[in-house]
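Enquirer: I have a structure here, written as structure tokens, and I will follow up with some questions on it.
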Amino acid sequence: LGIYWIYMQLPNGKRFADGDKFSKTHVSCPETLVLDYAYANDAVVKGEFERRGGMKRAKTNPVLFLLVNNPELKTNTDLNTLPLSIDYGTILGGLSARTGWNLNEDSNDVAVEIRGGGYHFGNHQHCNAGSFQIYLRGEQLFNAGIYRAYGTPYDFNFYK
């Protein structure tokens, strides 16, 4: 679900905390966007890859790009073509909603992410059913789940 990465993006260019929360950047692995738009033939996800610098900035494996990129798929960089909310279905069991797609530090847009039950995969994912995150000109209410070392009491007793 490549569109997931777009909906998890905050107006300030970071993203909602998810999983380990080590990286708050949009997508730490640019191959993710390439593979997502190629698999889904999704012009918006391809547009997001291009908006973030595409091959010039991503340092993506050029052979992979040549193998999976569809040059006939035109990019769509207008996020306003997307709905303001998305239901992630039963696997993740959550949704994201926002008031707009203004992606800049001065944006007054609100972004919310809510986790339902879904499937729990363990290890790097923690039990966060019923949790939510709110962004408005900064982190208002955010996921506190991050651990500095695997297997510590904090990791097992709070994070997971």
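No lab work stands behind these numbers, since they all come straight from the coordinates. Nothing here was measured: the structure is a model prediction, and the numbers come from that model. Glycine gets a Cβ as well: all are built from the backbone with ideal geometry, and neighbour counts include every protein chain shown.
Enquirer: Tell me, what is the FRET efficiency for N157 and M55 to the nearest 0.05, using R0 = 30 angstrom and their Cβ-Cβ distance as r? Walk me through the intermediate numbers first.
Expert: Working: r = 44 Å, r/R0 = 1.47.
Here the calculated transfer efficiency is 0.10.
Enquirer: Okay, moving on. Once amide H atoms are placed 1.01 Å from N in the peptide plane, what residues at a sequence separation of 5 or more from G94, or on another chain, have their amide H within under 5 Å of its amide H?
Expert: Y88, G89, G116
Enquirer: I want to check the label-to-label distance for L64 and L82. Put each point 7 Å from Cα in the C-beta direction and report it in nm to one decimal.
Expert: Result for the modelled spin labels: 2.1 nm.
Enquirer: So the label point goes 7 Å from the Cα of L35 along Cα→C-beta, right? Which residues of the range 59-79 then have their backbone N under 19 Å from it?
Expert: 59-70
Enquirer: Multiplying the sequence separation of E72 and D106 by 0.36 nm and subtracting their Cα-Cα distance, what value in nm do you get?
Expert: That works out to 8.7 nm of additional length.
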